[in-house]
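Data block below; observations after.
The values are calculated or read from the model by the stated rules, or taken from the named source; none is laboratory data. Note that the structure is a prediction, hence the values are computed from the model and not measured. Here the Cβ is made from the backbone with ideal geometry for all residues, glycine too, and neighbour counts use every protein chain on show.
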Amino acid sequence: MSANTRILYTVLLAFLAVVPFQDFVYIVFVMKLLCFALFASAFNLLLGYTGLLSFGHAAFFGGAAYVTAHASKAWGLSPELAILLGMFYACVTGYLFGSLAIRRQGIYFAMITLALSQLIFFLALQMKFTGGEDGIQGVPRGYLFRFIDLSSDTAMYYFVLVLFLVGFLLIQRTIHSPFGQVLKSIRENEPRAISLGYDVKQFKLLAFVISATLAGMAGSMKSLVFQLATLTDVHWHMSGEVVLMTILGGIGTLLGPIVGAGLVIGLQNYLAGIGSFSTIVLGAIFVVCVLAFRRGIVGEWLAYFERYQESKDRRGGYEQNK
Amino acid sequence: MLEAFGITPQALIAQLLVGLINGSFYAILSLGLAIIFGLLNVINFTHGAQYMLGAFFAWIGLTQVGNWLGMPDFSINYWVALVAAPLLVGAIGIVMERLMLKRLYHLDHLYGLLLTFGLALVIEGMFRHWYGISGESYSVPEALQGGFRLESFGLFLPKYRMWVIVASLAVCIATWYMIERTKLGNYLRAGTENPKLLQALGINVPLMITLTYGFGVALAAFAGVLAAPVFQVNPVMGSNLIIVVFAVVVIGGMGSIAGSIVTGLALGLLEGLTKVFYPEASSMVIFVVMAIVLLVRPAGLFGKEK
């Protein structure tokens with residue numbers, strides 16, 4: 001990590017830490033943003049660093065939201081346990097879906113994950129405990145470790161912030177670990193990774209499970225923040241949204257998904273009053289991203305920065321030679 | 001034997017008929033997807049939206065266009081719409097291909113999927129904005145109203161539903177014949193195998209790609225017009241269907257034209273059967289079959305192992 005990046009992260013963290021003490025930004029909005037930022041970052045681990053496009057991540061996000069909401073409301077589990085249970089669900093489902101989907105590659109992988117997630121959607125629609133069209137409403141946030149009351153937004157905010165940081169650091173650690181290097185090599189050239197002796201399928205599966213579990217964590221957090229788990233969370237639109245966040249921000253960059261999540265969530269908030277306009281705008285952004293800037297905002301910025309550095313180095317070298 | 005499950009033969013046959021109708025839609029749509037994928041290497045996520053467009057254009061032609069033109073008596077009837085709507089949607093498709101899709105062929109196939117997904121959102125969103133999601137009904141054309149009563153079975157077969165099955169089967173078979181047995185089909189299959197070589201032989205491959213996309217899209221719109229009197233015409237009718245069709249395509253594998261037709265019909269029937277015996281699972285059965293097929297034969301029933 002360069003000095004610049006470290007400063008950037010410190011500043012960001014400082015901003016996040018003081019959110020409850022100001023009036024400019026609505027605190028629940030920042031919590032929502034953190035949940036989706038974690039969701040997109042988890043998704044990016046798969047798309048950006050392994051090169052697998054899952055179109056079914058809503059199954060983990062929304063499914064875990066349901067599990068956590070039910071555990072908290074019907075069983076009275078404390079929030080940390082409810083979230084763990086949601087992650088456990090996402091982990092198991094991720095393992096099942098992942099082991100099916102990695103049997104095919106590329107475009108088929110996307111279609112399979114989409115179809116499998118639709119299975120979860122229909123389950124959520126028809127099972128008793130999910131409440132059908134209404135979803136699970138009025139989920140209690142409960143007492144963290146049985147003594148910290150999360151019903152105040154400030155307490156909930158710091159809980160969400162800590163969870164987000166844990167998830168984010170885990171992803172960051174995974175990417176920079178030897179395991180992450182192998183994932184990147186699969187993304188760049190799968191046949192070569194196989195010829196080097198890596199069991200590519202196992203690596204893909206593990207990446208899928210980690211990504212699913214963290215997506216589940218994001219979903220669980222979301223259901224506690226909004227005290228709500230609904231069909232929107234498991235709908236394939238949600239899977240599409242997380243793809244958009246990641247692409248818009250920048251595939252394969254650490255900060256990209258966070259920026260993308262911020263923009264998409266902000267935009268949705270802004271357009272919420274005008275009916276189906278947000279769908280049209282999101283679709284249009286999708287088209288523009290794919291056609292015009294596939295590296296995403298952070299990706300383009302990094303590329304620009306790199307070019308700038310290079311030209312500076314070249315100029316510097318020239319002057320020294322003189 | 002059936003009575004033991006509390007099911008009458010009438011109910012069974014009625015559900016099988018519904019299944020066959022759904023199956024014919026799956027067949028046309030997966031056929032279009034397979035043709036487009038073969039030549040363009042793009043999974044056309046817009047397919048569902050284009051199916052919806054077909055249905056909506058037919059509905060607009062029948063009920064709206066007269067008022068727009070200030071001639072309340074003027075309307076475009078079903079039979080004209082059956083030809084005009086696919087042509088119109090096909091033309092829109094050709095414009096989309098020329099303006100956008102074309103730019104992505106040199107990239108990973110996934111970008112094609114993402115672009116068409118975005119376009120599907122835009123189209124669906126626009127129609128939701130204009131017409132809401134409540135749905136419009138499209139009346140069955142006069143010539144196909146009513147039905148046949150089979151007294152001996154105590155069955156009533158609506159004419160329109162029979163027509164849907166016949167028409168879609170005819171279109172599927174004609175498409176199959178065109179691709180597998182004609183000169184044009186030869187070029188198409190050659191383009192699927194090796195576009196560069198075909199281009200070297202003097203065939204205008206980019207033009208062929210564009211027309212193929214237009215044709216595949218027109219098939220979707222044709223299915224949409226057929227579907228308009230059966231289902232409600234609403235903006236989300238396509239997006240719910242397209243995911244099922246994706247599963248159908250994964251089950252069948254996109255290697256063979258006949259394969260996608262057969263798979264589509266068979267899965268429609270299976271869905272109908274499930275509706276009789278275990279209605280709760282009917283919306284999920286195709287996805288479950290997909291999971292099983294992936295376990296047993298990952299390349300799909302008719303797919304080639306690559």
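Right, A:Ile102: closer than 24 Å to A:Lys128 by Cβ and touching a residue at least 24 places away in the same chain (Cβ under 8 Å) or not? Spelling it out, it is not the case that A:Ile102 is closer than 24 Å to A:Lys128 by Cβ and touching a residue at least 24 places away in the same chain (Cβ under 8 Å).
Answer yes or no: is there a residue in segment A:125-134 that is of a type in the set (Asp, Glu) and over 30 Å from B:Ile242 (Cβ atoms). Before the answer, list the steps.
Filtering segment A:125-134 for residues of a type in the set (Asp, Glu) gives A:133-134.
The next check asks that each one be over 30 Å from B:Ile242 (Cβ atoms); those that pass are none.
Taking every residue of segment A:125-134 in turn, none turns out to be of a type in the set (Asp, Glu) and over 30 Å from B:Ile242 (Cβ atoms).
Would you say B:Val293 is at pLDDT 85 or above, over 30 Å from B:Lys159 (Cβ atoms) and out of contact with any strand residue (DSSP E or B) (no Cβ under 9 Å at 6 or more places or on another chain)? When the stated conditions are applied, B:Val293 passes them.
Among the conditions (1) within 12 Å of chain A (Cβ to nearest Cβ); (2) modelled with pLDDT under 85, B:Val248 misses just one, which is (2).
Out of everything in segment A:283-297 that is within 7 Å of chain B (Cβ to nearest Cβ) and free of Cβ contacts under 8 Å to residues at least 40 places away in the same chain, what residue ends up being nearest to A:Glu241 (Cα to Cα)? Filtering segment A:283-297 for residues that are within 7 Å of chain B (Cβ to nearest Cβ) and free of Cβ contacts under 8 Å to residues at least 40 places away in the same chain, the one nearest to A:Glu241 (Cα to Cα) comes out as A:Gly283. Each residue in segment A:176-202 was checked for being over 18 Å from A:Gly94 (Cβ atoms) and of a type in the set (A, V, I, L, M, F, W, C), and 4 pass.
Considering B:Thr274, B:Thr263, which residue is over 21 Å from the mean Cα position of the chain (by Cα) and under 30 Å from B:Leu157 (Cβ atoms)?
Numbers: B:Thr263 fails: over 21 Å from the mean Cα position of the chain (by Cα).
Exactly one of B:Thr274, B:Thr263 is over 21 Å from the mean Cα position of the chain (by Cα) and under 30 Å from B:Leu157 (Cβ atoms), namely B:Thr274.
Out of curiosity, is B:Met290 buried (at least 24 other Cβ atoms within 10 Å of the Cβ) and at the interface with chain A (Cβ under 9 Å from one of its Cβ atoms)? In short, yes.
Restricting segment A:108-129 to residues that are more than 9 Å from chain B (Cβ to nearest Cβ) and β-branched (Val, Ile, Thr), which is farthest from the chain's Cα centre (by Cα)? Only one residue fits best here, namely A:Ile120.
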